[in-house]
Ligand code: BDR
Ligand code: CA
């Protein structure tokens, strides 16, 4: 059965691979791509999303600009990882289509309300500002969604932007807190699993060897974005974060996790944005998310290459 999905994203090379994989997958109907400020400011994430639908030959999929800053914090960006454009690496033509006129948050609300209950999945790949705004404006959508599958947070791996916080949650912790408290069904792909999905040279070469336009672009993106993490971690490549969300939606059997309680730290400056996951059940706080801890990296990269190979 075809699954309806909406991306909420800040592309970002790893967001790009997540989106391209979905656009290539017949099991998924991508109803729209909503952009948020995160890796880079909103104008650039929106421009990058437009470039991606063009690269995939899918300009039928609308791109909707959402929030240009976190709910109450100053925006923190990550050009040091993703480059000035946010999508450094391949030479992609300027987009020939504009974003849709509707605000991304309104698009989210309207689309969820226009579809039968339990049929829409939000795939969130950036700070959760838009999702939180949509839930705050239209609380009924939390229960109407099938679920929210998000890349963010960390428990065993702790932090990547601070010693205790993962980037997406750190940028807008108040938004994350609203989302985790909303009652929506949530699955989290944290650093605990994404740090197992390493884009080694051989795995990047496999994208280039597809010899289509998208495969070459993905290889060029990953060669650029892995340089920073390769130095930072000293690994044989970089963790490939956001495509874990698409892979989970397409093939949940390659991942493992459990239901836990997750709370977001917003008070402390030292642990701002920490995802306090009760993995061992030492509290009686209600379980509000499925926390994915591990996944099969070879199956993950094979799935991505197979799908990217179907694109122009
Ligand atoms: C997350 O932060 C961003 O830099 C990536 O796109 C990913 O969504 C990883 O911490
Ligand atoms: Ca992202």
Just one listed residue, out of 8, 15, is under 18 Å from residue 172 (Cβ atoms), within 12 Å of ligand 1 (Cβ to nearest atom) and part of a helix (DSSP H, G or I), and it is 15
Given 207, 255, which one is more than 16 Å from ligand 1 (Cβ to nearest atom), touching a residue at least 60 places away in the same chain (Cβ under 8 Å) and crowded, with 24+ Cβ neighbours inside 10 Å? 207
Taking interchain pairs and intrachain pairs at least six residues apart, which have beta carbon atoms under 9 angstrom, with the first residue in segment 126-146 and more than 22 Å from residue 244 (Cα to Cα) and touching a residue at least 60 places away in the same chain (Cβ under 8 Å) and the second within 16 Å of ligand 1 (Cβ to nearest atom) and in a loop (DSSP other than H, G, I, E, B)? 133/66; 133/67
Over segment 63-82, the set of residues within 27 Å of residue 222 (Cβ to Cβ) and surrounded by fewer than 21 Cβ atoms within 10 Å (Cβ to Cβ) is 75, 76, 77, 78, 79, 80
So which residues in segment 33-49 are part of a loop (DSSP other than H, G, I, E, B) and closer than 19 Å to residue 108 by Cα, if there are any at all? 36, 37, 38
Confirm whether residue 277 is surrounded by 17 or more Cβ atoms within 10 Å (Cβ to Cβ) and under 30 Å from residue 92 (Cβ atoms). no
Cβ-Cβ under 7 Å, sequence separation 6+ or interchain: first residue in segment 230-241 and closer than 11 Å to residue 196 by Cα and at pLDDT 95 or above, partner assigned to a loop (DSSP other than H, G, I, E, B) and within 16 Å of ligand 2 (Cβ to nearest atom). Which pairs? 239/195; 239/197; 240/197
Residue 276 being under 20 Å from the mean Cα position of the chain (by Cα), at pLDDT 95 or above and within 30 Å of residue 289 (Cα to Cα): yes
Lone unmet requirement of (1) more than 17 Å from residue 217 (Cβ to Cβ); (2) surrounded by fewer than 23 Cβ atoms within 10 Å (Cβ to Cβ) for residue 46: (2)
State whether one or more residues within segment 295-309 are touching a strand residue (DSSP E or B) at 6+ places or on another chain (Cβ under 9 Å) and in a loop (DSSP other than H, G, I, E, B). yes
Tell me yes or no: at least one residue of segment 136-155 is within 23 Å of residue 274 (Cβ to Cβ), away from ligand 2 (no atom under 16 Å from the Cβ) and in a loop (DSSP other than H, G, I, E, B). yes
Hey, among the residues in segment 133-152 that are over 22 Å from residue 19 (Cβ atoms) and surrounded by fewer than 20 Cβ atoms within 10 Å (Cβ to Cβ), which one's nearest to ligand 1 (Cβ to nearest atom)? 136
Residue by residue through segment 112-131, note down the ones that are outside any helix (DSSP H, G or I) and more than 16 Å from ligand 1 (Cβ to nearest atom). 115, 116, 117, 118, 119, 120, 121
Looking at (1) over 27 Å from residue 184 (Cβ atoms); (2) within 16 Å of ligand 1 (Cβ to nearest atom); (3) modelled with pLDDT of 95 or more, which is the only condition residue 85 fails? (3)
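Residue by residue, here is whether (1) within 16 Å of ligand 1 (Cβ to nearest atom); (2) assigned to a loop (DSSP other than H, G, I, E, B) holds:
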{"position": "51", "(1), (2)": "yes, no"}
{"position": "60", "(1), (2)": "no, yes"}
{"position": "68", "(1), (2)": "no, yes"}
{"position": "73", "(1), (2)": "yes, yes"}
{"position": "76", "(1), (2)": "yes, yes"}
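The values are calculated or read from the model by the stated rules, or taken from the named source; none is laboratory data. Every value quoted in this text rests on a predicted model; they were computed, and no experiment measured them. We place every Cβ from the backbone using ideal geometry, glycine too, and count neighbours over all the protein chains shown.
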